[in-house]
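Notes to accompany the following structure.
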Amino acid sequence: MMMELFVSIVTQMRVFRNITPFFTDERGVISKILESELPIQSILRITSTKGSVRSNHYHKHDTHWCYVLSGRMEWHEKSQEGDETEREILMPGDMVETPPMMIHAARALEDSEFLAFSTETRGHDAYEEDTVRVPLIPL
């Protein structure tokens, strides 16, 4: 039985809501989480305890997608030009895309787990060279 891929993009922030299976049969389901022409250099599994803050930075070159596996996260994003900060609540099955030079941060509203797909390597030195820390969410 084929199911339609449901993806909606809201606000200026690129949030993909409720990514649902596009194929299911007696063996299980297949969901297309990401299809991109950009190369993926790393995939990270990140857990966050309730109340913790992640990111608070931007990347000079990296584009990444964060796909929520469990929990709830409050995602904040702000352009370099000083626009207002956008905020979205991400649930399991949601994904947000963050391009280079976009300030972003996340607060775990519950214990949460997500996958981060990145176009740049996550070796320590390369990551630090590409990352600029900005306190978007106060710690």
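The values are calculated or read from the model by the stated rules, or taken from the named source; none is laboratory data. Since we're looking at a predicted model, the values are computed, not measured. We place every Cβ from the backbone using ideal geometry, glycine too, and count neighbours over all the protein chains shown. With ligands, DNA and RNA removed, areas are computed over all heavy atoms of the protein, side chains included. Shrake-Rupley method; radii C 1.70, N 1.55, O 1.52, S 1.80 Å.
Things worth noting here:
- Residues in the range 117-139 that are polar (S, T, N, Q) and either crowded, with 16+ Cβ neighbours inside 10 Å or at pLDDT 95 or above (or both): Ser118, Thr119, Thr131.
- Top-ranked residue in the range 55-82 [being in contact (Cβ under 8 Å) with a residue 60 or more places away in the chain and open to solvent by 30 Å² or more (accessible area, probe 1.4 Å); ranked as nearest to Ser36 (Cα to Cα)]: His61
- Of the residues in the range 92-114, at least one is among the small types (Gly, Ala, Ser), out of contact with any Asp or Glu (no Cβ under 9 Å at 6 or more places or on another chain) and crowded, with 19+ Cβ neighbours inside 10 Å.
- Residues that are among the small types (Gly, Ala, Ser) and over 12 Å from Thr131 (Cβ atoms) within the range 47-63 comprise Ser48, Gly51, Ser52, listed in sequence order.
Per-residue answers, yes or no, for (1) at pLDDT below 95; (2) more than 17 Å from Leu136 (Cβ to Cβ):
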site	(1), (2)
Glu4	yes, yes
Ser52	no, no
Cys66	no, no
Gly82	yes, no
Thr98	no, no
Leu115	no, yes
